[in-house]
Amino acid sequence: MTGTYIQEKLRPNHCFGCGLDNPYGLQIHSFWEGDEVVCRWTPKHYMTGPPNFLYGGISASLIDCHSVNAAVAYANRQAGHEEAFDPELFMVTGTMTIKYHKPVPMHEVELRARIAKVEGRKYLVHTDILSNGERCVSGEVLAIRIARMG
Ligand SMILES: CCCCC/C=C\C/C=C\C/C=C\C/C=C\CCCC(=O)SCCNC(=O)CCNC(=O)[C@H](O)C(C)(C)COP(=O)(O)OP(=O)(O)OC[C@H]1O[C@@H](n2cnc3c(N)ncnc32)[C@H](O)[C@@H]1OP(=O)(O)O
C-alpha cells in the first residue's frame, strides 16, 4: 500500500495520533475505499483499559485523528489535490462525541469514516471502530478548517 496512505501526504507531522514522524505515536495509516476512509490498526499490549480490552482513550484518539485526516483528504479530493495535498487545507478537532458500544478486544481493529456533512469550514465525520466486523465504538467528529499551524 506504499504511497496510498493519507498520512504520507501530511508531512512533516509529529501528531501523536496521525504523525508518521512521531515514533512514539499511534502511527495510523488511513486510505480511501470508495467514499469511506479506512484504517487497520493493531494495539500494543500495554494499551489496555479494562483487563484484556483496549483503553477507551486510545479508541477516542484513533477516531479523532482518523476522522480529521479523512476530512483533510476529502477537502483535498474536492479541491482536486488528491495526489499532493494543499498545505493550506488544514483542520483541527472542534468537537468530538464518542459512544462505546462494546469493549474492544486487543487485536486488529478497522476504522471506517465517512464525511456526513460540510458546512463552510466545518466538516462532520462519522467513524466506527470495528473488531471482527462488529461495531464496538462510534464517533462523531467536527473538524474545522483553519489557516495552517506551525
Ligand atoms: C503537502 C501538504 C502537507 C501540509 C501539512 C503538513 C503537515 C500536516 C500536519 C498535520 C496533519 C493534519 C491534520 C491533523 C491535525 C490534527 C489532528 C489531530 C486532531 C487534534 O488533536 S486537533 C487539537 C485539538 N483541537 C484544538 O486544539 C482546537 C482548538 N480550537 C481552535 O483552534 C479554535 O477554537 C477553532 C479553530 C476550533 C475555531 O476557531 P475559529 O476562530 O476558527 O472559529 P470561528 O469562531 O471563526 O467559528 C467558525 C465556525 O466553527 C464553529 N466552531 C468554532 N469552534 C467550534 C468548536 N470547538 N466546536 C464546534 N463548532 C465550533 C463556529 O460556531 C462557527 O460556525 P458557523 O460558521 O456555523 O457560525
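What the table below lists for this structure:
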quantity: Stokes-Einstein translational diffusion, the chain - Kirkwood Rh over all Cα pairs, 0.692 mPa s, 37 °C, in µm²/s; calculated: 214 µm²/s
quantity: Exposure proxy ranking, count of Cβ atoms within 10 Å, fewest first, for Tyr100, Tyr5; calculated: Tyr100, Tyr5
quantity: Peptide ranges 76-89, 114-127 listed from the most packed, as the mean C-beta count within 10 angstrom indicates; calculated: 114-127, 76-89
quantity: Helical mean residue ellipticity (222 nm; -39500 (n - 2.57) per DSSP H run of 4+; nearest 500) of the chain; calculated: -5500 deg cm²/dmol
quantity: Backbone HN-Hα couplings from phi across the range 10-26 [Karplus 6.51/-1.76/1.60, Hz, Gly and Pro as x]; calculated: 10, 9, x, 8, 9, 3, 4, x, 10, x, 6, 8, 10, x, 8, x, 7
quantity: Where labels lie 7 Å past Cα in the beta-carbon direction, separation of Asp35 and His101 in nm; calculated: 1.9 nm
quantity: Fewest-first ranking of Ser30, Ser138, using other Cβ atoms within 10 Å as the exposure measure; calculated: Ser138, Ser30
quantity: Computed label-point distance, nm, for sites Lys44 and Asp21 using a 7 Å Cα→Cβ extension; calculated: 2.1 nm
quantity: For Gly17, distant residues with modelled amide H under 5 Å away; calculated: Leu26
quantity: Descending semi-axes in whole angstrom, ellipsoid equivalent of the range 9-69, from the Cα gyration tensor; calculated: 21, 15, 9
quantity: Pairs of lysines in the range 6-146 (C-alpha under 23 Å apart; 8 or more residues apart or interchain); calculated: 5
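No value in this document is a laboratory result; all are computed from the given coordinates. Worth saying up front: this structure is predicted, and the values here are computed from it rather than measured. All Cβ positions, even for glycine, are placed from backbone atoms using ideal geometry, and neighbour counts span all protein chains on display.
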